[in-house]
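Beneath this line is the structure, given in structure tokens, with notes to follow.
The values are calculated or read from the model by the stated rules, or taken from the named source; none is laboratory data. Since this is a predicted model, take the numbers as computed values, not measurements. Cβ: placed from backbone, ideal geometry, glycine included. Neighbour counts: every protein chain shown.
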């Protein structure tokens, strides 16, 4: 199975079946460890630095690029607010640096990496505490629609436990379909999916990519998603238009893989939205 970057995930288990494990639940995997300079941070815009150490205990300095970047870094608060997808810069000694905008609370940081010499991409995760009064937010309500300024993103499709499912996201602006999306990380959209409760990082990959001769630059962007278990999931879609990357957020509850006559009414996809306005060069 492939992750959101569209590459093989050798450490996340099978892509089907209820025992498939999401990534990012461990700070260390296959001898590789995510090491932050500090796991206690102040609120506001803060610089962070970290390393990915290898089986020899030394910082890894060579990575295989995945979706145009050597490393993808995701930050999200434990209540699923504050999502940020950034691309840190590495120095010669293997220390990565980037700025994040952090509100007080408990956070989870993820890194998606493919160390040179290792067979496949892995997702590592670590808990971080941001000082200050914490005001946790309830999970957003459901409509299947996310609004980010003039933009609207509609979600179509169901998330099925233990199965791969197709999700289609349709982007419009002021009521008109967008047909000139710009490629972002070698796709017209980049989707991260997290399981509510433990923030397990799910397998997601775009169904197609720019330049394949058949994929149009909007308004629809399709992804294949695997939900390992029943439950609630948060989806974060990054898309680029007019040189700005915007993020649409959704809350989705799994539906029964095989509907039964005695089953409870199925939940509908939920939504939330947040506009970060971060630019593609991050």
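When you scan the stretch 85-102, do you find a residue that is in contact with a strand residue (DSSP E or B) (Cβ under 8 Å, 6 or more places away or on another chain), buried (at least 18 other Cβ atoms within 10 Å of the Cβ), farther than 23 Å from residue 29 by Cβ and in contact (Cβ under 8 Å) with a residue 24 or more places away in the chain, even just one? Checked the stretch 85-102: at least one residue is in contact with a strand residue (DSSP E or B) (Cβ under 8 Å, 6 or more places away or on another chain), buried (at least 18 other Cβ atoms within 10 Å of the Cβ), farther than 23 Å from residue 29 by Cβ and in contact (Cβ under 8 Å) with a residue 24 or more places away in the chain. Quick one: is residue 204 in a loop (DSSP other than H, G, I, E, B) and surrounded by 21 or more Cβ atoms within 10 Å (Cβ to Cβ)? It is false that residue 204 is in a loop (DSSP other than H, G, I, E, B) and surrounded by 21 or more Cβ atoms within 10 Å (Cβ to Cβ). Of all residues in the stretch 225-282, those satisfying the criterion of being in contact with a strand residue (DSSP E or B) (Cβ under 8 Å, 6 or more places away or on another chain), outside any strand (DSSP E or B), at pLDDT 70 or above and crowded, with 16+ Cβ neighbours inside 10 Å are 228, 229, 231, 254. Within the stretch 42-50, at least one residue is on the phi > 0 side of the Ramachandran plot and either touching a helix residue (DSSP H, G or I) at 6+ places or on another chain (Cβ under 8 Å) or modelled with pLDDT of 95 or more (or both). Here residue 151 fits the description: on the phi < 0 side of the Ramachandran plot and at pLDDT 95 or above.
Can you find a residue that is over 18 Å from the mean Cα position of the chain (by Cα), under 23 Å from residue 65 (Cα atoms), touching a residue at least 60 places away in the same chain (Cβ under 8 Å) and buried (at least 18 other Cβ atoms within 10 Å of the Cβ) anywhere in the stretch 115-125? Taking every residue of the stretch 115-125 in turn, at least one turns out to be over 18 Å from the mean Cα position of the chain (by Cα), under 23 Å from residue 65 (Cα atoms), touching a residue at least 60 places away in the same chain (Cβ under 8 Å) and buried (at least 18 other Cβ atoms within 10 Å of the Cβ). Of all the residues in the stretch 55-107, those that are part of a strand (DSSP E or B) and within 20 Å of the chain's Cα centre (by Cα) number 24.
Scanning the stretch 146-162 for residues that are within 18 Å of the chain's Cα centre (by Cα) and closer than 19 Å to residue 82 by Cα, we see that the one that is surrounded by the fewest Cβ atoms within 10 Å (Cβ to Cβ) is 148. For the stretch 178-197, the condition holds for at least one residue, the condition being that it is within 25 Å of residue 77 (Cβ to Cβ), outside any strand (DSSP E or B) and in contact with a strand residue (DSSP E or B) (Cβ under 6 Å, 6 or more places away or on another chain).
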